[in-house]
Amino acid sequence: MARSHKRRGWGLRGGCLVIARLFYTCSSGDEPHGVASIFRPRAEAVKPAVDHYAVCGNPVGHSLSPRIHAAFAASTGQMMRYDRLLIPDGGFVPTIEVFFNQGGKGLNVTLPCKSDAFAWLGEARCATSAIEARAVNTIRWDGEEFWGFNTDGTGLLRDLTFHGICVADRRLLILGAGGAARGVLPELLSAKPALITLANRNMARAEEVVRDFRQRYSTPLEAVELSKVSPDFDLIINATSAALTASSRPDIDPAIIQTADCYDMVYGANARFHHWARDITRGKSLDGLGMLIEQAAEAFSIWRGVRPETISVRNLLIQA
């Protein structure tokens with residue numbers, strides 16, 4: 001037994017010498033390629049896992065989100081794929097269930113599906129921002145549960161700050177009282193403005209929003225009919241979706257915006273309030289591109305655990 005063990009040991013050492021010589025001579029070019037290849041380690045071609053994300057809504061063909069998230073992934077070294085997912089009328093739940101059953105990791109949710117996403121998840125699986133807004137714009141699958149978030153308010157406030165527009169102690173007018181307005185109200189109220197006024201054609205809806213939020217925030221909040229708005233505001237935010245379906249601007253007196261900073265939550269060609277206001281106001285007028293980028297960065301952080309820088313993406317899209 002001892003003899004056998006010693007023989008195996010000798011053979012192993014001899015084998016090591018042979019292998020060492022083959023590697024040495026291979027590197028010196030003295031051995032045929034075929035012999036050297038027997039002992040050369042081979043790197044297996046292992047494809048890294050690529051997590052799948054998308055923006056869903058209707059329409060989504062115009063969305064810049066795929067470009068934004070591709071830039072974020074490249075800058076942070078994240079392996080991910082990001083697509084557009086069109087939701088047919090009444091088809092939100094079956095469409096996203098197919099997406100997640102096929103391995104999807106997360107979704108951005110845009111119009112008109114944010115309230116559908118909130119209803120699908122339920123309050124128990126939503127962050128406070130989504131519960132207060134009654135709308136979800138970010139869904140995350142963590143391997144066990146789905147979770148809902150609303151990053152619109154964070155995106156808006158960060159973009160206002162980027163452009164040097166202060167919210168604290170100023171009088172704010174928000175045009176609209178739907179899901180877009182609800183989505184940004186928690187962050188705006190927390191920033192301690194002097195007053196926030198909701199102006200809406202449907203007064204009952206505006207009053208309902210005021211009742212919901214007045215219970216939780218100390219910032220003064222009021223509702224007014226859109227046709228009765230007076231020119232006494234420092235910052236006017238367009239949170240209506242009318243610009244996506246019509247060519248008209250909000251029905252307000254141009255005198256109201258002459259000295260105010262103006263912000264349109266819509267971006268690009270559909271930002272008709274911004275295009276109208278910039279020729280009238282002596283303050284700043286901005287569209288919602290920066291908000292889109294900043295809320296996307298927040299969603300990216302929720303999914304990937306790392307927050308990307310956004311200035312390079314701003315420059316990329318402005319130059320496009």
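Data table
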read-out	value
Rounded if a/c under 1.5, otherwise prolate or oblate - region 153-287, Cα gyration tensor axes	rounded
Region 121-180-region 258-289 distance, computed between alpha-carbon centres (Å)	21 Å
Cross-link partners of Lys114 among aspartates and glutamates (Cα-Cα below 15 Å; sequence separation of 8 or more within a chain)	Asp89, Glu123, Glu132, Asp152
Förster radius 22 Å - calculated FRET efficiency between Thr161 and Asn315 (Cβ-Cβ, nearest 0.05)	0.80
Qualifying aspartates and glutamates (Cα of each under 12 Å from Cα of Lys192; at least 8 residues distant if same chain)	Asp169
Dipole-positive endmost among Pro186, Leu160, Leu221 within region 153-287 (Cβ charges, Cα centre)	Pro186
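Only the coordinates and a few stated rules stand behind these numbers; no lab work does. What you are looking at is a predicted structure, and each value in this text was computed from that prediction instead of being measured. FYI the Cβ positions are ideal-geometry reconstructions off the backbone, even for glycines, and counts take in every protein chain you see.
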